[in-house]
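The values are calculated or read from the model by the stated rules, or taken from the named source; none is laboratory data. For clarity, every value in this text was computed on a predicted model and none was experimentally measured. Using ideal geometry, Cβ is built from the backbone for each residue, glycine included, and neighbour counts are taken over all protein chains shown. Each accessible area value is taken on the protein alone, full model and side chains, heavy atoms only, with ligands, DNA and RNA left out. Shrake-Rupley method; radii C 1.70, N 1.55, O 1.52, S 1.80 Å.
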Amino acid sequence: RRPNWQVISLPVADGGEGTTDCFLSAIGGERISCLLTGPLGQPVEGFFGLLPTGEAVIEIATCAGLPLAGAKRNPAQTTTYGVGELILHSLDRGARSLVIGLGGSATNDGGCGAAAACGVQFLDKSGTPFLPTGGTLERISAIDPSRLDRRLNSCPVTVLCDVDAPLCGPRGAAAVFAPQKGADPAMVAQLEAGLFHLAQLWKRDLGVDLLDLPGGGAAGGMGAGMAAFFGGKLQPGADALLDAAGFDRLAQDAQWIFTGEGRLDDQTLGGKVVSGVARRAKALGIPVIALVGGSQGDLTALYEQGVTAVFSINRLPQTLAESAPAAGENLSFLLENLLRLLETTL
């Protein structure tokens, strides 16, 4: 209805669900399906993307995601073993480097499951190997990386995370994220102790000190685990996708930039899409309008980053269960009214 307006759409993700498809959309490549181990040990159908550059893009959510745990959410018992299987599948298909997106996990095992699938052994006090989960990290007496798949020694790993939380502490994996995955206060304390113990073993057995690594707490400690076991380099997920899509070049002549998120809160600043878009748009001098399901807390820092205005798509005070089916309709309604307003400035 506005034929003179040019709209450029860029699919962007921050390391969570949709990251693989965004890379494939921006660069091209192949989406490859495979059978994997789910977060509760069940078989699940997963996938990874193989780019023309030889990079494999892996979302841990495809085999360790929260929806796969269903009503049985329990971060003391869930595993990232399927992520390691994905890594091996991608290497079998000729991947020369890996991009791992950490969003949306149901796990809190510090990446031990993924490492075990790739050959790392975790030994209890009797010297017997076992597969640790979030609730059994304190049983680990030693870590033996000698059987890690040798192909990983020459395979660079980039880790995309949407938060800058450390492994432990009040902003860490257990305290902030485990309750969303089904943990009660007692379990949070157990998971916290397990991750702290794991960090001490990384320092002793692997020679890496990752307790305060920004982003180490992402995906139940998977951020730090990818660094410890695979030499992964952490970076904000949104930036990687924006670079791949050529955002700076495409956005430089825009009048407005629209972006969005389910909920804006204090985690948004840690590397999520809205934050990444805002920082780049501010450098270009272009206003950013964020369309969100909701917002919480003081947004001053987000405005300073480059967000011009925030609008909620919800039209009535409703629960998520009530509003979710109408999300598309509500978004269209908000956009129509925003565009009517912006037309008056042309």
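Between E304 and R96, what FRET efficiency comes out of the Förster formula 1/(1 + (r/R0)^6) with R0 = 45 Å and r the beta carbon distance, rounded to 0.05?
The pair R96/E304 has a calculated efficiency of 0.70.
Between E343 and N153, what FRET efficiency comes out of the Förster formula 1/(1 + (r/R0)^6) with R0 = 45 Å and r the beta carbon distance, rounded to 0.05?
0.20
When the expected Rg is taken as 2.2 N^0.38 Å, what fraction or multiple of it is the alpha-carbon Rg of the chain?
Relative to the rule-of-thumb radius for its length, the chain sits at 1.03.
If the reach is capped at under 25 angstrom between alpha carbons, list the lysines near K272, excluding any in the same chain fewer than eight residues apart.
Hits, sequence-local ones excluded: K181, K233, K282.
Using the per-residue mean of other Cβ atoms lying within 10 Å as a proxy for protection, in what order, highest first, do the peptides 83-89, 298-304 fall?
83-89, 298-304
Quick one: which residues, 5 or more positions from V57 or on another chain, have an amide H under 5 Å from its amide H? H modelled 1.01 Å from N in the peptide plane, none for Pro or chain starts.
Counting only residues 5 or more places away or on other chains, the set is G49, L50, L51, V99.
Tell me the relative contact order for the chain as a rounded percent, counting alpha carbon contacts under 8 Å between residues six or more apart.
It comes to 14 percent, rounded to a whole number.
In whole percent, and with a 1.4 Å probe on the protein chains, what portion of the accessible area of the range 106-164 is carbon and sulfur?
That share works out to 47 percent.
For A327 and L123, compute 0.36 nm times the residue count separating them, minus their Cα-Cα distance, and round to one decimal in nm.
68.6 nm
So how much slack lies between S146 and L335, counting 0.36 nm per residue of separation and subtracting their Cα-Cα distance, in nm?
62.5 nm
What whole-number value in Å² describes the accessible area per residue of the chain for a 1.4 Å probe?
Per residue, the chain has an accessible area of 45 Å².
Which trypsin sites (Lys or Arg not before Pro) in the range 90-143 sit in a loop by DSSP (not H, G, I, E or B) and have at most 15 other Cβ atoms within 10 Å of their own Cβ?
R93, R96, K125
With a point put 7 Å past each Cα toward its Cβ, work out how far I27 is from L250 in nm, to one decimal.
That separation, rounded to one decimal, is 1.5 nm.
Nearest 500 deg cm²/dmol is fine: what mean residue ellipticity at 222 nm does the chain get from its DSSP H runs of n ≥ 4 alone, each adding -39,500 (n - 2.57), divided by its residue count?
-9500 deg cm²/dmol
Which angle from 0 to 90°, rounded to the nearest 10, does the C-alpha axis of helix 273-284 make with the longest principal axis of the chain?
Roughly 50 degrees between the two axes.
Quick one: Cα centre-to-centre distance for the range 277-292 and the range 171-190, in angstrom?
Here the answer is 33 Å between Cα centres.
Of the accessible area of the range 19-59, with the probe set at 1.4 angstrom, what percent is carbon plus sulfur?
Answer for the range 19-59 is 53 percent, counting heavy atoms of protein chains only.
Among 38-47, 62-71, how do they line up from the highest to the lowest mean number of other beta-carbon atoms within 10 Å?
62-71, 38-47
Can you give the extra length, in nm with one decimal, that the chain gains between W5 and L316 once fully stretched, where that is 0.36 nm per residue apart less the Cα-Cα distance?
109.0 nm
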